[in-house]
1. Tell me which lysines have Cα within less than 22 Å of Lys110's Cα, excluding those fewer than 8 residues away on the same chain?
2. Considering the Cα trace of segment 113-252, what is its radius of gyration and what is Dmax, both in angstroms?
3. So what is the calculated 222 nm ellipticity per residue for the chain, using -39500 (n - 2.57) for each DSSP H run with n of 4 or more, over all residues, to the nearest 500 deg cm²/dmol?
4. Quick one: compute the contact order of segment 152-252, relative version, from alpha carbon pairs under 8 angstrom and 6+ residues apart, as a percent.
5. Take the alpha-carbon centre of segment 207-246, take the same for segment 43-65, and report the distance between them in whole Å.
6. Rounded to the nearest whole Å³, what is the per residue volume of the convex hull around the Cα atoms of segment 1-73?
7. Short version: ³J(HN,Hα) in whole Hz for each residue of segment 231-241, in order, from phi by Karplus 6.51 cos²θ - 1.76 cosθ + 1.60 (θ = phi - 60°), x for Gly and Pro, what are they?
8. So, by mean Cβ neighbours within 10 angstrom, what's the order for 149-157, 169-177 with the highest one leading?
Amino acid sequence: MSASLKLISLNIERSKHLELVVPFLETETPDVVCLQELARKDVELFEEALGAECLFAPMANHGSGEDEVAPGVVGIGMFSKLPIAQQEVKYYWGTGSCEVPYDFSSAVGKHATESYVVAYQDVEKNGEQFKIATTHFTWTPDGKADDFQREDMRSLLRVLEGLKEFTLCGDFNAPRGGEIFGELSKRYTDNIPHEYKTSLTLSLHRAGKTEPQRLGSYMVDGLFTTPTYTASEVRLQFGISDHAAIIAEISK
């Protein structure tokens, strides 16, 4: 029988939903957790809750770190309860220095003050090694591809080519069926069941009440695999953050 591991990927919206996210992860007991929009100040909280050290990759400086409005440096984090053979972060835009405060005012400002990165770990379970990768991709204001996304996707794909075989999860800020999501799904297997039309929790999303029809078709979180990997028992769990959690068994 081939080995498998339990993977969870979730955009936690910085520090806004910790009272929901932490108990959820403790109950699910995953082997590997990939978090997007993780505040660096909360890393220790998750390490203690999950019993795993964090591979943290900074993306942007969101303020002083004093509260959820200004949670400080934010990025992506990977936590593994399994032995780690190798781990690395690879930036495909920016350097992760986070020296300049994040500019919320426009797509141009956001792109200029945020870095984009793939974090990955080679973890071992039952004698089998798994390469798990995660990213939080470039944002656009309306879910439609722009030149920033196109250039960053080209850079991301170059990074992924170097990883060879892997499972990739994260928030891709581009709806399924569109140009950017399509660049991934034509190369890798899209494992999110098509019965799910959105990966956003409308009751918790900032635009969920004003644009429920548009966001109701936004499948922007993804789980992609190369031929070596199989994702099974894939499900989305809503009501934990403004994004749904992706839960899956990954095998080779």
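1. Hits, sequence-local ones excluded: Lys16, Lys41, Lys90, Lys144.
2. In order Rg, Dmax, the Cα atoms of segment 113-252 give 15.1, 50 Å.
3. Calculated at 222 nm, the ellipticity per residue is -6000 deg cm²/dmol.
4. Across segment 152-252, relative contact order equals 32 percent.
5. Answer, in whole Å: 22.
6. Spelled out: Cα convex hull of segment 1-73, divided by residues, is 91 Å³.
7. In residue order, the calculated couplings are 10, 10, 6, 6, 8, 10, 10, 8, x, 9, 8 Hz.
8. Highest-to-lowest ranking by the protection proxy: 169-177, 149-157.
Quick note: the coordinates plus some simple rules give every number you see, no bench work behind them. All values reported here derive from a predicted model rather than from experimental measurement. Reconstructed Cβ throughout: ideal geometry from the backbone, glycine too, with neighbour counts over all protein chains shown.
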